[in-house]
Amino acid sequence: MPSQTSPHAENLQWTSKRVAELEESQTLAMAARSRTLAEQGFDIINLSLGEPDFETPAHIKEAACQAVHDNYSQYTPVAGYTDLRQAVVRKMENELQWQVRLEQVIFSTGAKQSLINVLLAVLNPGDEVLLPAPYWVSYTGMIQMAEAKAVILPSSAESGYKISAQALEAAITPRTRMLLFSSPCNPSGATMRQEELEAWAVVLRKQEELEAWAVVLRKHPEILVVSDEIYEHIRFKEKHCSIVQCEGMASRTVVVNGMSKGFAMTGWRLGYAVAPPEVANACVKLQGQFTSATCSIAQRAALAALNGPMDDTHRMCKTFRQRRDLAIAETADLPGWDCPVPEGAFYLFPNIAYWFTAQWQGKPIGNAERMTEFLLEEARVATVSGDAFGSPECIRLSIACSEVKIKEAVARIRIALQQLHTQHSLGPRS
Ligand code: PMP
Ligand code: GLU
């Protein structure tokens, strides 16, 4: 009788090299860990995941209920309902003075899918993507899935986590195919101003001129800009500006946005991209194979969000600002905690390298990941290591939670750091 198991069974591997090499999403991993600990009865304050704790505004929920009653139950066009895409065309025109055609707008299952669509649509293996650090956690995994290479441009707390035009220019090589960034930035909250974007645009335009003579040597000379504007509504200074408003940029920029942050709709999974027509067509082709389209009911809700009153969004932004102010005030005197004031989004991103030489459980803390371990074990506060965002001296705390939680979390962190301080055999730098 033939044996039921192959003699080589122990060597069989069902999963791909692609998955084996792919890094896990650190935000989601920490959120899962913190959930498990909470289920086991530990009192954890979860500052790992960035999601608004507000309810989705009532008029958006009502539109979704109405859509259920109206039997919006069939597949939608791959790129989304026409009226919804038209709402984005109008939004781009009104808010960014950017004239786009309907075919350039594609709705997807979260901005996350919008991003991976664009990356897979544009990048060939070996292409380089310029990634100003700190960058959002999933960009590197997505670049990896597209078999491209992330070229990380480091920044520091002193520069407010911003990359100069000179640094950007220095990183461009003949293989550069894309610049990918978020503004307001997750995790640092840094928010690019019009003049700063203009300086980047100057570099990119210059690059295009330089590339003109190299065009015969290279199949794709342009650097496509992917501007992730998902935090557009959560900014505390000037109004939102986009790189598409810089001269020469509109035709070579993809704007990615979504409903998760500004409308408290993370679970509804709705994002969109506005892309040059050939990129948009490629995204539709990919999405047609991946998901057919995103959820019909969620799309009807998104229409209500985009066409409806913005009062709830403004109210949420005001509350995020108050929380930011509170979190900055509460953490101001924490030792070894160097945190620029975020201008947007809802995260603190302190540099905590000061603590790396401090002893915990018989060895130095050593790195940011172990610092997050320490904070989880000793303060019962879940945070995410800066490594995941390209800044290994930092940790990220989501402050999209109540003021009570922010205060309690900082109080716990303070006590834990005091213990670390007294346990530190050498004593940290003063
Ligand atoms: N970009 C950034 C910068 C983010 O922080 C997030 C957070 N979820 C996303 C994209 C993806 O958003 P979603 O898929 O929920 O629309
Ligand atoms: N954008 C959120 C964050 O950065 C959600 C988590 C995720 O999508 O990875 O925490």
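Among all residues of segment 273-281, there is at least one that is small (Gly, Ala, Ser) and either over 14 Å from residue 106 (Cα atoms) or assigned to a loop (DSSP other than H, G, I, E, B) (or both). Flag set for residue 386, criterion: within 16 Å of residue 351 (Cα to Cα), within 16 Å of ligand 1 (Cβ to nearest atom) and buried (at least 24 other Cβ atoms within 10 Å of the Cβ). In segment 105-151, of all residues being among the small types (Gly, Ala, Ser) and assigned to a helix (DSSP H, G or I), the one that is farthest from ligand 1 (Cβ to nearest atom) corresponds to 121. Residues that are within 16 Å of ligand 2 (Cβ to nearest atom), hydrophobic (A, V, I, L, M, F, W, C) and in a loop (DSSP other than H, G, I, E, B) within segment 236-272 comprise 259, 263, 264, 265, 270, listed in sequence order. Looking across segment 105-115 at every residue that is of a type in the set (Val, Ile, Thr) and crowded, with 24+ Cβ neighbours inside 10 Å, the one that is nearest to ligand 2 (Cβ to nearest atom) is identified as 106. Taken over segment 345-372, the residue count meeting the criterion of being touching a strand residue (DSSP E or B) at 6+ places or on another chain (Cβ under 7 Å) and part of a helix (DSSP H, G or I) is 6. For segment 80-103, the set of residues classified as away from ligand 1 (no atom under 16 Å from the Cβ), surrounded by 14 or more Cβ atoms within 10 Å (Cβ to Cβ) and in a loop (DSSP other than H, G, I, E, B) consists of 81, 98, 100, listed by residue number. Here segment 313-344 is the region considered, the condition is being assigned to a helix (DSSP H, G or I) and touching a helix residue (DSSP H, G or I) at 6+ places or on another chain (Cβ under 8 Å), and the residue that is nearest to residue 51 (Cα to Cα) is 323. Looking at residue 375, is it within 16 Å of ligand 1 (Cβ to nearest atom), hydrophobic (A, V, I, L, M, F, W, C) and either closer than 28 Å to residue 132 by Cα or in a helix (DSSP H, G or I) (or both)? In short, no.
Selection within segment 152-170: residues that are among the polar types (S, T, N, Q) and over 16 Å from residue 387 (Cα atoms). The member of this set that is nearest to ligand 1 (Cβ to nearest atom) is 159. Just to be sure before I move on: is residue 190 surrounded by fewer than 22 Cβ atoms within 10 Å (Cβ to Cβ) and either away from ligand 2 (no atom under 16 Å from the Cβ) or among the hydrophobic types (A, V, I, L, M, F, W, C) (or both) in the structure I sent? Here the answer is no, as residue 190 does not meet what is asked. As for segment 171-182, it holds no residue that is part of a loop (DSSP other than H, G, I, E, B) and within 16 Å of ligand 1 (Cβ to nearest atom).
Condition first: farther than 19 Å from residue 230 by Cβ, more than 16 Å from ligand 1 (Cβ to nearest atom), part of a strand (DSSP E or B) and of a type in the set (A, V, I, L, M). Can you find one or more residues in segment 45-55 that meet it? Within segment 45-55, one or more residues are farther than 19 Å from residue 230 by Cβ, more than 16 Å from ligand 1 (Cβ to nearest atom), part of a strand (DSSP E or B) and of a type in the set (A, V, I, L, M). Number of residues in segment 288-301 that are more than 14 Å from ligand 1 (Cβ to nearest atom), in a loop (DSSP other than H, G, I, E, B) and buried (at least 18 other Cβ atoms within 10 Å of the Cβ): the value is 1. Does residue 12 satisfy being without any contact (Cβ under 8 Å) to a residue 40 or more places away in the chain, under 30 Å from residue 395 (Cα atoms) and either touching a His at 6+ places or on another chain (Cβ under 9 Å) or aliphatic (A, V, I, L, M) (or both)? No. Just so you know, in segment 132-170 the residues that are at positive phi and modelled with pLDDT under 95 include one that is surrounded by the fewest Cβ atoms within 10 Å (Cβ to Cβ), and it is 160.
Checking each residue in segment 62-79 for being part of a helix (DSSP H, G or I) and exposed (fewer than 15 other Cβ atoms within 10 Å of the Cβ) picks out 62, 65, 66, 68, 69.
Inside segment 267-285, residues that are under 21 Å from the mean Cα position of the chain (by Cα) and either closer than 18 Å to residue 296 by Cα or charged (D, E, K, R) (or both) make up a count of 7. In segment 68-86, the residues that are at positive phi form Cβ pairs under 9 Å with partners that are surrounded by 12 or more Cβ atoms within 10 Å (Cβ to Cβ) and part of a helix (DSSP H, G or I), at six or more places apart or across chains, as follows: 80/88; 80/299; 80/302. Here residue 285 meets the list (1) over 30 Å from residue 74 (Cβ atoms); (2) assigned to a helix (DSSP H, G or I); (3) out of contact with any Leu (no Cβ under 7 Å at 6 or more places or on another chain) almost entirely, failing just condition (1).
The values are calculated or read from the model by the stated rules, or taken from the named source; none is laboratory data. Everything numeric in this text was worked out from a predicted model, so none of it was measured. Here the Cβ is made from the backbone with ideal geometry for all residues, glycine too, and neighbour counts use every protein chain on show.
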